[in-house]
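Only the coordinates and a few stated rules stand behind these numbers; no lab work does. All values reported here derive from a predicted model rather than from experimental measurement. Neighbour counts are summed over all protein chains in view; Cβ atoms, including those assigned to glycine, are modelled from backbone coordinates with ideal geometry.
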Amino acid sequence: MFFLKKKPAHTITILPHPTLCPEGEVVAAQTGKSIAEILLDNDIEISHSCQLQCACTTCHVHLMEGEAYVSKLHAEEDRMLNTLPDRRRWSRLACQAIYQGGGNVVVEICN
Ligand code: FES
């Protein structure tokens, strides 16, 4: 007897990170959860010093693909990102980027 593993409709791809996921990882996207929550649910221990409250920048990620499938940047997140010397146009705080469904996302963990 064998079980077929159900292929997720959409995925979050995490690019290789030297300590958190050296090989990179592909996990199921979960609509309504933040990118940080999805990573943590999958044992990828992204930093989150303020406990996902948009009050630090330790969960900084680069959203490499799939911008259309996550919530828009909001003013407080924008203000926090402006404190980063390495902010890029595609920078997001993983705790504030909520996956909204519709496609695949690719992220790079910055810290
Ligand atoms: S965990 Fe602090 S801003 Fe995301």
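Picking from 53, 96, 30, which is most flexible by a Gaussian network model of the chain using Cα springs under 10 Å?
Answer for the Gaussian network model of the chain: 53.
Could you order the peptides 64-77, 36-49 from most to least packed, using the average number of other C-beta atoms within 10 Å per residue? Provide the component values of the computation, followed by the final result.
Values: 64-77: 14.7, 36-49: 17.9.
Result, highest mean Cβ count within 10 Å first: 36-49, 64-77.
Considering only the other residues whose Cβ falls under 14 Å of the Cβ of residue 51, what net charge follows from Lys and Arg at +1 and Asp and Glu at -1?
Taking every other residue near residue 51 into account, the sum is -2.
For region 70-83, just list the computed ³J(HN,Hα) in residue order, Karplus coefficients 6.51, -1.76 and 1.60, θ = phi - 60°, integers in Hz, with x standing in for Gly and Pro.
After applying 6.51 cos²θ - 1.76 cosθ + 1.60, I find 10, 4, 6, 4, 10, 4, 5, 4, 4, 4, 5, 5, 5, 7 Hz.
Just add up the charged neighbours of residue 39: K/R +1, D/E -1, any other residue whose Cβ is under 13 Å from the Cβ of residue 39.
Surrounding charge for residue 39 is -4.
For residue 78 and residue 41 in one chain, what is 0.36 nm times their gap in residues minus the Cα-Cα distance, to one decimal in nm? Walk me through the intermediate numbers first.
Working: separation 37, 0.36 × 37 = 13.32 nm, distance 2.52 nm.
Once the chain is fully extended between residue 78 and residue 41, it gains 10.8 nm.
Please list the non-local residues whose amide H lies under 5 Å from the amide H of residue 97, H modeled 1.01 Å from N, same-chain partners needing a gap of 5 or more.
Distant-sequence amide H within range of residue 97: 35, 36.
Excluding residue 60 itself, what net charge comes from residues whose Cβ is under 9 Å from its Cβ, given Lys and Arg +1 and Asp and Glu -1?
+1
In square nanometres, what is one fourth of the surface area of the convex hull spanned by the alpha carbons of region 11-109? Numbers along the way, then the final one.
Numbers: hull surface 22.2 nm².
The directionally averaged projection comes out at 5.5 nm².
Farthest toward the dipole's positive end in region 11-109, which of 27, 75, 63, given Cβ charges of +1 (Lys, Arg) and -1 (Asp, Glu) about the Cα centre?
Of 27, 75, 63, it is 75.
Let me spell out the model: positive unit charges on the Cβ of Lys and Arg, negative unit charges on the Cβ of Asp and Glu, origin at the Cα centre of region 11-109. What dipole size does that give, in debye rounded to 20?
380 debye
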